[in-house]
Structures are given as structure tokens and as C-alpha cells.
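Chemist: Let me give you the structure first, and then I'll get to my questions.
The values are calculated or read from the model by the stated rules, or taken from the named source; none is laboratory data. Predicted, not measured: the structure shown is a model, and the values here were computed from it. When we count neighbours, we look across all protein chains shown, and the Cβ atoms used for this are built from the backbone with ideal geometry, even at glycine. Side chains included, ligands, DNA and RNA excluded: accessible areas come from the protein's heavy atoms. Shrake-Rupley method; radii C 1.70, N 1.55, O 1.52, S 1.80 Å.
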Amino acid sequence: MKNRTAALAGVILGSLPVAVLYADGYWDVQLAAVIWGIYALGGWLILRQEDIWRTGGNRWSALLVVVAMGGSQFGVHMDLPISERLTIALWFLVLGVAFAAAAIGVEMAETTDGQASEQDSYVPSAD
């Protein structure tokens, strides 16, 4: 049941930035679809491993926030020769990619740890 709840929350989370962009008047279907997919995937993966995200309050979590926010806000800044609405859409894109990539990394580490613990717990029989 936890996976269904996480998947539903991911779908809802993916819809939020797209709704903000649509309400702001910017609508590029391809960019909106990519943003929706990234946020849905990131939200789903973060909620799948929420116990890790809750207990992981250390310098790496702070660095993730600094890189994600800094990359989106300072990397894609208002002085670029693009429209203000496209700038905001790219903020959502960069921020979503950063958190989705971190969530994928956590999922990969958990998958690797699970396989290692299964291999470590194997005891051959004496027969």
C-alpha cells in the first residue's frame, strides 16, 4: 500500500509546478511534460525512502539543498536573454532534476545495500 500512496503523491507533486506554470501563462507542452515527469518521479522516489530522507539530516542534505537551489536560482538567473516565464520554467526544471537525481541515488544505494545484506546473510549448508 505504501508504494501506491507514494506513486499517487508523486503524480500530485508532478502536477504542482505544471499548474503554477499554466497559471502564470507559460505553456510549452514538451517542457511541461518533462517537468511533470521529473517531479512525479522525484516525489515518488523520495516518498518510497522517506525514512532515509527524514534521518539523513547532515551536511550532505544541506549540500543537496544548496546545490539544487543555487543551480536553479543563480544558474538560471533573470539577466539571461530569455523571457521571464521561461526562466521560471527552467528554475522548476533544474530544481526538479537535482532532487530527482538525489532520489535516484538514494534508491540505487538502497538497492545495492539490500543485495549486499542478502549475500552476507547466506550460509551454505554442511551437507
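Chemist: It is to be established whether one or more residues within the stretch 7-26 are acidic (Asp, Glu), open to solvent by less than 80 Å² (accessible area, probe 1.4 Å) and not in a helix (DSSP H, G or I).
Modeler: No, that holds for no residue.
Chemist: Hey, another quick one. Kindly indicate whether Trp53 is closer than 22 Å to Gly14 by Cα, modelled with pLDDT under 90 and either of a type outside the set (Ser, Thr, Tyr) or in a loop (DSSP other than H, G, I, E, B) (or both).
Modeler: So Trp53 passes the test.
Chemist: Okay, next question. With the structure loaded, tell me whether Gly70 is of a type in the set (Gly, Ala, Ser), modelled with pLDDT under 90, open to solvent by 60 Å² or more (accessible area, probe 1.4 Å) and out of contact with any Ser or Thr (no Cβ under 9 Å at 6 or more places or on another chain) or whether it fails that test.
Modeler: no
Per-residue answers, yes or no, for (1) crowded, with 18+ Cβ neighbours inside 10 Å; (2) small (Gly, Ala, Ser); (3) in contact with a Leu (Cβ under 9 Å, 6 or more places away or on another chain):
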{"position": "Leu41", "(1), (2), (3)": "yes, no, no"}
{"position": "Leu45", "(1), (2), (3)": "yes, no, no"}
{"position": "Ile52", "(1), (2), (3)": "no, no, no"}
{"position": "Leu63", "(1), (2), (3)": "no, no, no"}
{"position": "Arg85", "(1), (2), (3)": "no, no, yes"}
{"position": "Ala89", "(1), (2), (3)": "yes, yes, yes"}
{"position": "Val97", "(1), (2), (3)": "yes, no, no"}
{"position": "Ala102", "(1), (2), (3)": "yes, yes, yes"}
